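Please read through the structure below; I'll follow up with questions.
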Amino acid sequence: MVKRNPNFKSLSENYLFPEVARRVKAFKHQNPHVELISLSIGDTSQPLSATISKMLKKKSEELGTHAGYHGYGPEQGALSLRKKIAHVFYSDTISPEEIFISDGAKCDIGRLQLLFGAQASIAVQDPTYPVYVDSKLIVGCHPIAYLPCTPQNNFFPDPKLLPAVDLLYLCSPNNPTGSTATKEQLKSIVSWAKKNGALIVYDAAYAAFIQDPDLPKSIYEIAGAKEVAIEVSSFSKFAGFTGIRLGWTVIPKGLRFEQYESVHQDYTRLITTFFNGASILSQAGAEAALSENGLEEIQRTINFYMENASLIRHALQIKGYKIYGGMNAPYLWVDFGEKKSWELFQHLMEETHLITTPGSGFGLCGEGFLRFSAFGTRQNIQKAIKHIETKWPRSLELMSPLPI
Ligand code: MLT
């Protein structure tokens, strides 16, 4: 018999969102007539912009003709799209050859674990997007360093307290806390990485939601970051591509391993071996998204989600809850003090019919928090607010033991 990969023993039985879905399904089974409102998984709800959708139609029609058909594209993605990404997101400070188009940031995070292998030690923010941790556990070896990110340190690790690791994962705007790193914070981390020979994996999937013009949208806004940082990003939340799928990773050509070998060269080898390129249709849609009209339409949708965030924020504030995030990010991180996140989740689902995401699902420091996503339809957000207004206790009342 084939032996199971022993690393799977270190994983929890389910990934976070399938576990939320399992509990929701069990509740629905017992209560088929109850309407549940989900502010849980960060899945987009608004239709694609007209410019993108027209392009998808046009491209798929072209593919149905002899003249317009083609098969494989370059594994790294179409050069025209890489050029557009370099221009729109990095003001041409990154070369198109340093951009690898993919089927999404989550898949790229998995591929990066393969690139660095089991021997690379990693540190993550706690709470953190679970994929950094689980993908590391699957490749195995080395304990993971968890860096507490709490209201006390403004959800950002102090570089003076960082352990000696090979890779540091940072996500900003942060999933789940909704906090956004400042230029000063990123400068301190870039100089820590340089001093310690470490690399930063920077997840900027929510950068388009930043409202404050002084906050950095990319780690490459920091001088010297190209020598120590990889950036992963995505069209999922930015352009509503959660179903269409498209992301990218920037591997600067100057990035080196210990013996001065090129990281870019190894990543190229890895991608050309494991991946046949992102879908031609997704790439055509992405190019349309980055056109002048596409960008304008997308901005309207981003504004819509950020209005959702402020509506939820307002409703929770009136009830006296302590809320973080939601200002430069589509997630709100709500503090419930000593309560256990999964118990809160269950209680709020059963008693107030609202689905949230338990903070402890993102790490130990997420215990006592719930994450709210602002990606719903306006109708659902309004229903959720009504539930909060009419069915939720004031925050202090929640401090008494939960009736479960
Ligand atoms: C989330 O809710 O955290 C996201 O949808 C997860 C993801 O982007 O994979």
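Restricting to the chain, compute how many DSSP beta bridges are antiparallel as a %, nearest 5.
Given both bridge residues lie in the chain, the antiparallel proportion sits at roughly 55 percent.
Return the carbon/sulfur percentage of the accessible area of segment 270-369, one whole number, probe 1.4 Å, all protein chains in place. Please list the in-between numbers first.
Numbers: 1930 of 3750 Å².
Heavy-atom surface of segment 270-369 belonging to carbon and sulfur, 1.4 Å probe: 52 percent.
Another question, if that's okay. Roughly what % of DSSP beta bridges within segment 89-226 run antiparallel, to the nearest 5? List each step's numbers first, then the result.
Working: 0 of 12 bridges.
Beta bridges within segment 89-226, antiparallel portion: roughly 0 percent.
Less than 30 Å apart at the alpha-carbon level, and either on another chain or at least 8 residues along: which lysines does that give for Lys58?
Lys83, Lys84, Lys106, Lys237
Leu114 to Thr377: FRET efficiency via 1/(1 + (r/R0)^6), r the Cβ-Cβ distance, R0 56 Å, to the nearest 0.05? Mind showing how you got there, number by number?
Values: r = 37 Å, r/R0 = 0.67.
For Leu114 and Thr377, the calculated efficiency is 0.90.
Go through 305-313, 155-163 and give me the packing order, highest mean Cβ count within 10 Å leading.
305-313, 155-163
Using 7 Å Cα-to-Cβ label points, what is the Glu389/Leu63 separation (nm, one decimal)?
Spacing of the two 7 Å Cα→Cβ label points: 4.6 nm.
Which entries in the list Lys160/Lys340; Lys187/Lys253; Lys160/Lys183; Lys183/Lys340 go over 28 Å, if you measure between the two C-alpha atoms of each?
From Lys160/Lys340; Lys187/Lys253; Lys160/Lys183; Lys183/Lys340, over 28 Å: Lys160/Lys340; Lys183/Lys340.
Tally Lys/Arg at +1 and Asp/Glu at -1 over every other residue whose Cβ is under 13 Å from the Cβ of Asn7; what's the total?
Taking every other residue near Asn7 into account, the sum is +3.
What is the distance in Å between the Cα centres of segment 304-340 and segment 6-36?
For segment 304-340 versus segment 6-36, the Cα centre distance is 24 Å.
Right, another one. Using a Gaussian network model on the chain with a 10 Å cutoff between Cα atoms, which of Leu332, Leu348, Leu63 fluctuates the most?
Leu63
Which value at 222 nm does the chain reach when only helices count, each DSSP H run of 4 or more adding -39,500 (n - 2.57), with the total divided by all residues and rounded to the nearest 500 deg cm²/dmol? Let's see the in-between values first.
Numbers: 13 runs with 160 residues, N = 404.
After summing the helix terms and dividing by residue count, I get -12500 deg cm²/dmol.
I need the shape label for segment 202-294. Rule: rounded when a/c is under 1.5, else prolate if a/b > b/c, else oblate, with a, b, c from the alpha carbon gyration tensor.
oblate
Which percent of the accessible area of segment 1-158 is formed by carbon and sulfur heavy atoms (probe 1.4 angstrom)?
Carbon with sulfur: 58 percent of the solvent-accessible area.
If contacts are Cα pairs under 8 angstrom and at least 6 residues apart, what is the relative contact order of segment 321-365 in percent?
25
With every protein chain present, what is the per residue accessible area of the chain (1.4 Å probe, Å²)?
Values: 18520 Å² over 404 residues.
In whole numbers, the chain has 46 Å² accessible per residue.
Return a whole-number percent for the relative contact order of the chain, with Cα pairs under 8 Å and 6 or more residues apart as the contact set.
Relative contact order comes out at 22 percent.
Assign unit charges at the C-beta atoms only (+1 for Lys and Arg, -1 for Asp and Glu), then state the dipole size of the chain relative to its Cα centre in Debye, rounded to the nearest 20.
Here the chain has a charge dipole of around 540 debye.
With springs only between Cα atoms under 10 Å, which of Asp214, Asp134, Asp108 fluctuates most in a Gaussian network model of the chain?
Sorting by GNM fluctuation, first place goes to Asp214.
Report P(r) for the chain: all Cα-Cα distances, bin width 20 Å, range 0 to the bin holding the largest distance, values in whole percent.
With 20 Å bins starting at 0, P(r) equals 26, 57, 17, 0.
Stretch His33-Ser53 to full length: gain in nm at 0.36 nm per residue minus the Cα-Cα span?
So the extension gain works out to 3.7 nm.
While we're on this one: Which of Glu231, Glu13, Glu297 moves most in a GNM of the chain, Cα contacts under 10 Å?
The residue with the greatest mean-square fluctuation here is Glu13.
The values are calculated or read from the model by the stated rules, or taken from the named source; none is laboratory data. Nothing here was measured: the structure is a model prediction, and the numbers come from that model. Quick reminder, even Gly has a Cβ in these numbers, built from the backbone with ideal geometry, and neighbours come from all protein chains shown. These area figures cover heavy atoms from the full protein model, side chains too; ligands, DNA and RNA do not enter into them. Shrake-Rupley method; radii C 1.70, N 1.55, O 1.52, S 1.80 Å.
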